Amino acid sequence: MTDLPTEESSTAPSSPRQQRWDDGEWGNAEQEKIPQSRSGARQLALRALYWESANPGQVGEALQQLGEACGLTPKLQTFAEQVATAAVEYRSELEDLVRDNATNWHPDRIARLDGLILRLGLAELLYIDDVPARVTIHEAVELAKTYGGGQSYRFVNGLLDAIARQRDLDV
């Protein structure tokens, strides 16, 4: 006897969409509209980094799938790719900066999303030339208010501001 599917089983109705690993935290992200702005591109980049944190090496796939679902313009999609790619490419350096500047905070105590927001903000601050430091910090604070814990935005603001000042960036 073989275990091959029969004609009856191959015409059965398809099962409902299988839940993805991130459905519990992001909800129905594919159907949520994000703004057609750089703020929206940052939200896309953050979601891609979150995906990549669970599936290392898949930031490109995450950007593609999430980008198609969000419907950002090509220019905004490119911006999201630049920021997310820099956050992945320079991960070690960015995490060292966080560790060195987060006084009284062991890296294990930083929530995953807060750490990703910090990496994203630092990548933009240090590797994306056409965005003023003040704007980058403000946008990271807004992400922390939306996606982080209760006081995350204060932590993100303080850390990014301190690093920007160390690097003599105009804040």
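The values are calculated or read from the model by the stated rules, or taken from the named source; none is laboratory data. The structure displayed is predicted, hence computed values, not measured ones. As a convention, Cβ positions derive from the backbone with ideal geometry for all residues, glycine included, and neighbour counts pool all protein chains shown. Calculation scope for accessible area: heavy atoms of the full protein, side chains included, ligands and nucleic acids excluded. Shrake-Rupley method; radii C 1.70, N 1.55, O 1.52, S 1.80 Å.
Here are the numbers:
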item: Subset of the stretch 96-114 [assigned to a helix (DSSP H, G or I) and either touching a helix residue (DSSP H, G or I) at 6+ places or on another chain (Cβ under 7 Å) or polar (S, T, N, Q) (or both)]; result: Leu97, Val98, Arg99, Asn101, Pro107, Arg112, Leu113, Asp114
item: From Asp114, Asp100, residue being among the acidic types (Asp, Glu) and farther than 17 Å from Leu46 by Cα; result: Asp100
item: Filtered residue count, the stretch 67-77, keeping only those that are closer than 25 Å to Leu126 by Cβ and open to solvent by 70 Å² or more (accessible area, probe 1.4 Å); result: 2
item: First in the stretch 49-71 and more than 20 Å from Asp114 (Cα to Cα), second anywhere and part of a helix (DSSP H, G or I) and of a type in the set (S, T, N, Q), Cβ under 7 Å, 6 or more apart; result: Gly67/Gln77
item: Among (1) hydrophobic (A, V, I, L, M, F, W, C); (2) under 17 Å from Leu169 (Cβ atoms); (3) not in a helix (DSSP H, G or I) - the single one Ala86 does not satisfy; result: (3)
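Each row is one residue, and each column tells you yes or no for (1) exposed (fewer than 10 other Cβ atoms within 10 Å of the Cβ); (2) at pLDDT 85 or above.
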| residue | (1), (2) |
| --- | --- |
| Met1 | yes, no |
| Thr6 | yes, no |
| Ser9 | yes, no |
| Glu30 | no, no |
| Gln36 | no, yes |
| Gln43 | no, yes |
| Leu49 | no, yes |
| Val59 | no, yes |
| Gln65 | no, yes |
